[in-house]
Amino acid sequence: MRALAGFLAICALAAYSAFADPSDAQPIQLKGYYELNKVPIWRESDAAPWYVLRKAPWADESLVRYGGYVPVLHDGKQYYCLTDAFPLSGTHIAREPIFICGDHTMAKFLYDTNSKPTVKVYGQH
C-alpha cells in the first residue's frame, strides 16, 4: 500500500511539476537511488527532498527528449534520472519506484554511447 501511495505521489508530482522552480513542486523522499553508471551502484539517500521537474532551464534537451532522462534537483545539485515505477514482469504488485541518477557528464556519456544502465531487482532495498 505504501508503494502504491509512493507511485501515485510521483505520478501526481510529474503532472504538477511542469515548473522549473522547485518551490512550486512537491518534494518526494527516497530511501535511496542508484548512482548512474554502466553498472549502477545503490546509494542511501539523505533526508533532503528530491524535486522531479518537467522543464528546467539547465536541462540538456537531447537527454530529456531522446534519452528518457528527467531533470531532478536534490540538495541544490542538478541530476539526470531514469525512473522505473512499473511492477515487475508477471505481477501486478506495486513496488517503490527505482531512480537511477547522476550528473550531466555520465548521462551524456551513456547517451552518446547508446548505453542504458540496468538494475536487477531482487526484492526490497
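Every number in this text was worked out from the coordinates using simple rules, so none of it is lab data. Not measured: the values here are computed from a predicted model. Glycine gets a Cβ as well: all are built from the backbone with ideal geometry, and neighbour counts include every protein chain shown.
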Least to most buried among C101, C81, by other C-beta atoms within 10 Å and fewest first, runs C81, C101
Listing D103, D60 from the residue with the fewest other Cβ atoms within 10 Å to the one with the most, what is the order? D103, D60
Packing-ranked peptide list from 47-53, 108-114, highest mean Cβ count within 10 angstrom first, is 47-53, 108-114
Summing +1 for each Lys or Arg and -1 for each Asp or Glu, what net charge is found among the other residues whose Cβ lies under 10 Å from the Cβ of Y80? -1
Can you figure out the FRET efficiency of V119 with S62, using R₀ = 25 Å and their beta-carbon distance, to the nearest 0.05? 0.60
Ranked from fewest to most other Cβ atoms within 10 Å of their own Cβ, H104, H74 fall in the order H104, H74
